[in-house]
Amino acid sequence: VQLQASGGGLAQPGGSLRLSCAASGTNFEVESMSWHRQAPGKQRELVARLSSSGITNIADSVKGRFTASKDNAKTTVYLQMNNLKPEDTAVYYCRLFTKTFRGYWGQGTQVTVSS
């Protein structure tokens, strides 16, 4: 399984960015896909998680500003980030867990929020 994340970049405070993460490969079924982020000097943290059963979890720190969604094929997930703040600056990673409980990480995409 390979994960390709895209959509990062530079945004001003209050601006928006949309991240995408596409999964590819053969012979796997998705149990969940999630977004994580890691700021310099900090631990990686969960931002949003979408399960195959339709449950979505959003971190309190981004609730009301970030929205996670997935396409109908359930192999691409999106993270719509609105009202960005400087503290959202981080490398954003997507992760996939298969129904056989194997986990995969994407390569990460940099999000920088600065005026």
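Every residue, every condition in (1) of a type outside the set (Phe, Trp, Tyr); (2) under 25 Å from residue 11 (Cβ atoms); (3) not in a loop (DSSP other than H, G, I, E, B), yes or no:
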| position | (1), (2), (3) |
| --- | --- |
| 36 | yes, yes, yes |
| 57 | yes, yes, yes |
| 63 | yes, yes, no |
| 79 | yes, yes, yes |
| 83 | yes, yes, no |
| 101 | no, no, no |
| 107 | yes, yes, no |
| 110 | yes, yes, yes |
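Residue selection: residue 97 satisfies the criterion of being in contact with a Gly (Cβ under 7 Å, 6 or more places away or on another chain) and more than 23 Å from residue 9 (Cβ to Cβ).
Out of all the residues in segment 35-54, is one or more closer than 17 Å to residue 113 by Cβ, touching a residue at least 40 places away in the same chain (Cβ under 8 Å), small (Gly, Ala, Ser) and touching a Lys or Arg at 6+ places or on another chain (Cβ under 7 Å)? No, that holds for no residue.
Tell me yes or no: at least one residue of segment 55-72 is open to solvent by less than 50 Å² (accessible area, probe 1.4 Å) and within 14 Å of residue 97 (Cβ to Cβ). Steps first, answer last, please.
Of segment 55-72, the ones open to solvent by less than 50 Å² (accessible area, probe 1.4 Å) are 58-59, 62, 65-66, 68-69, 71.
Checking which are within 14 Å of residue 97 (Cβ to Cβ) leaves us with none.
Scanning segment 55-72, I find no residue that is open to solvent by less than 50 Å² (accessible area, probe 1.4 Å) and within 14 Å of residue 97 (Cβ to Cβ), so the answer is no.
Here residue 75 clears all of (1) in contact with a Leu (Cβ under 8 Å, 6 or more places away or on another chain); (2) open to solvent by 20 Å² or more (accessible area, probe 1.4 Å); (3) at pLDDT below 95; (4) of a type outside the set (Phe, Trp, Tyr) except the condition numbered (1). Counting just the residues of segment 78-114 that are modelled with pLDDT of 95 or more, over 12 Å from the mean Cα position of the chain (by Cα) and hydroxyl-bearing (Ser, Thr, Tyr), which one comes out surrounded by the fewest Cβ atoms within 10 Å (Cβ to Cβ)? Once the filter is applied, the top-ranked residue is 114.
The values are calculated or read from the model by the stated rules, or taken from the named source; none is laboratory data. Since the model is a prediction, treat every value here as computed from it, not as a measurement. Every residue, glycine among them, receives a Cβ derived from its backbone with ideal geometry; neighbour counts consider all protein chains shown. When the accessible area is computed, the model is the full protein with side chains, heavy atoms only, and any ligands, DNA or RNA have been set aside. Shrake-Rupley method; radii C 1.70, N 1.55, O 1.52, S 1.80 Å.
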